[in-house]
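K.L.:
There's a structure below that I have some questions on.
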């Protein structure tokens, strides 16, 4: 089984309008999406035909909306109720650059984190996947991330980790199966600027030798890199970028799916890049059909 962890889920509200600060603004289009990095991973996995159980913390009427939406598309969830409302992240598309307003989300108490940890302790089995994505919620910090990483290792589960550079630096000691920083984040983790492919390969090789089997580095419009004993690079696919939110999460989901399917490294990386590109070229998260369309026409 695949378990995803989202400490601070969200409802992403997209608004298309001509934004005039200080005046009444009417929207041309509004859309609501279940968001949060781990929940995005679960949704893409669902689109690819893989079951997962989405875990994390929610609260209030917005948390109930997320539960119902996940159930509607057939994703099982174990979302623990906390004080406050699950955050709403507002993305206002006006002109070329969107304006984003992100709320804080719920406050998680120690007993609520202990409930999640106990659930995973009872559920995780050898060769399951535990995907921990995104940043923390109020009341939690990297120590709580570390406890779940250690639990995955104790259970013999595959740990996939996608979080900010400050947390990632402190969690590498748990030797996750896979990490997916971008080049800027990788520079922060290693505390040295990476500007060339040679420097990048050396940095990724170092992490691999330190126990990270798959080091995947996303490079936006350039594509992505993978190191697993050998250095691989795949260019980004061509298309019109509509929305990059969830592109990285799509790559993470694609990695898990492709590895479960036994893809070789070069094919695996190409599949991941296709998934990230497909999400960038659509208003929602990528589907298998969209990924196949890119793979078959490029």
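The values are calculated or read from the model by the stated rules, or taken from the named source; none is laboratory data. Remember, it's a predicted structure, so these values are computed and weren't measured experimentally. Reconstructed Cβ throughout: ideal geometry from the backbone, glycine too, with neighbour counts over all protein chains shown.
K.L.:
Just a yes or no: is a residue in the stretch 36-57 surrounded by 14 or more Cβ atoms within 10 Å (Cβ to Cβ) and over 24 Å from residue 276 (Cβ atoms)? Working first, answer last.
P.N.:
Within the stretch 36-57, the subset surrounded by 14 or more Cβ atoms within 10 Å (Cβ to Cβ) is 36-48, 50, 52-57.
With the extra rule that they be over 24 Å from residue 276 (Cβ atoms), the set shrinks to 57.
Taking every residue of the stretch 36-57 in turn, at least one turns out to be surrounded by 14 or more Cβ atoms within 10 Å (Cβ to Cβ) and over 24 Å from residue 276 (Cβ atoms).
K.L.:
Kindly provide the set of residues from the stretch 1-26 that are assigned to a loop (DSSP other than H, G, I, E, B) and either on the phi > 0 side of the Ramachandran plot or surrounded by 14 or more Cβ atoms within 10 Å (Cβ to Cβ) (or both), ordered by number.
P.N.:
Step one: list which residues in the stretch 1-26 are assigned to a loop (DSSP other than H, G, I, E, B), which gives 1, 7-9, 17-26.
Residues satisfying the conditions are 1, 7, 8, 9, 17, 19, 22.
K.L.:
Same structure, new question: Could you please give the count of residues in the stretch 122-131 that are out of contact with any helix residue (DSSP H, G or I) (no Cβ under 6 Å at 6 or more places or on another chain) and surrounded by 15 or more Cβ atoms within 10 Å (Cβ to Cβ)? I'd like the intermediate steps shown before the answer.
P.N.:
So the first thing to find is which residues in the stretch 122-131 are out of contact with any helix residue (DSSP H, G or I) (no Cβ under 6 Å at 6 or more places or on another chain), and the list is 122-123, 125-128.
Remaining after also requiring surrounded by 15 or more Cβ atoms within 10 Å (Cβ to Cβ): 123, 128.
Matching residues across the stretch 122-131 total 2.
K.L.:
Let me ask something else. Suppose the filter is at pLDDT below 90, out of contact with any helix residue (DSSP H, G or I) (no Cβ under 6 Å at 6 or more places or on another chain) and over 28 Å from residue 50 (Cβ atoms); does residue 100 pass it?
P.N.:
Details: at pLDDT below 90: yes; out of contact with any helix residue (DSSP H, G or I) (no Cβ under 6 Å at 6 or more places or on another chain): yes; over 28 Å from residue 50 (Cβ atoms): yes.
It is true that residue 100 is at pLDDT below 90, out of contact with any helix residue (DSSP H, G or I) (no Cβ under 6 Å at 6 or more places or on another chain) and over 28 Å from residue 50 (Cβ atoms).
K.L.:
Please work out if residue 276 is touching a helix residue (DSSP H, G or I) at 6+ places or on another chain (Cβ under 8 Å), outside the structural domain of residue 98 (by TED's automatic domain parsing) and modelled with pLDDT of 95 or more.
P.N.:
On the way: touching a helix residue (DSSP H, G or I) at 6+ places or on another chain (Cβ under 8 Å): yes; outside the structural domain of residue 98 (by TED's automatic domain parsing): yes; modelled with pLDDT of 95 or more: yes.
For residue 276, the condition - touching a helix residue (DSSP H, G or I) at 6+ places or on another chain (Cβ under 8 Å), outside the structural domain of residue 98 (by TED's automatic domain parsing) and modelled with pLDDT of 95 or more - is met.
K.L.:
Let me ask something additional. So, residue 118, is that one outside the structural domain of residue 87 (by TED's automatic domain parsing) and either over 18 Å from the mean Cα position of the chain (by Cα) or modelled with pLDDT under 95 (or both) or not?
P.N.:
Details: outside the structural domain of residue 87 (by TED's automatic domain parsing): no; either over 18 Å from the mean Cα position of the chain (by Cα) or modelled with pLDDT under 95 (or both): yes.
For residue 118, the condition - outside the structural domain of residue 87 (by TED's automatic domain parsing) and either over 18 Å from the mean Cα position of the chain (by Cα) or modelled with pLDDT under 95 (or both) - is not met.
K.L.:
Can you pull out the residues in the stretch 60-97 that are more than 29 Å from residue 272 (Cα to Cα), at pLDDT 95 or above and part of a strand (DSSP E or B)?
P.N.:
Passing the criteria: 80, 81.
K.L.:
Among the residues in the stretch 48-59, are any within 28 Å of residue 280 (Cβ to Cβ), in contact with a helix residue (DSSP H, G or I) (Cβ under 6 Å, 6 or more places away or on another chain) and not in a strand (DSSP E or B)?
P.N.:
Taking every residue of the stretch 48-59 in turn, at least one turns out to be within 28 Å of residue 280 (Cβ to Cβ), in contact with a helix residue (DSSP H, G or I) (Cβ under 6 Å, 6 or more places away or on another chain) and not in a strand (DSSP E or B).
K.L.:
Any residue that is at pLDDT below 95, crowded, with 17+ Cβ neighbours inside 10 Å and assigned to a loop (DSSP other than H, G, I, E, B) - is there at least one of those in the stretch 252-264? Write out each step before concluding.
P.N.:
To start, the set of residues in the stretch 252-264 that are at pLDDT below 95 comprises none.
Within the stretch 252-264 (the criterion being at pLDDT below 95, crowded, with 17+ Cβ neighbours inside 10 Å and assigned to a loop (DSSP other than H, G, I, E, B)), the answer is no, since none of the residues qualifies.
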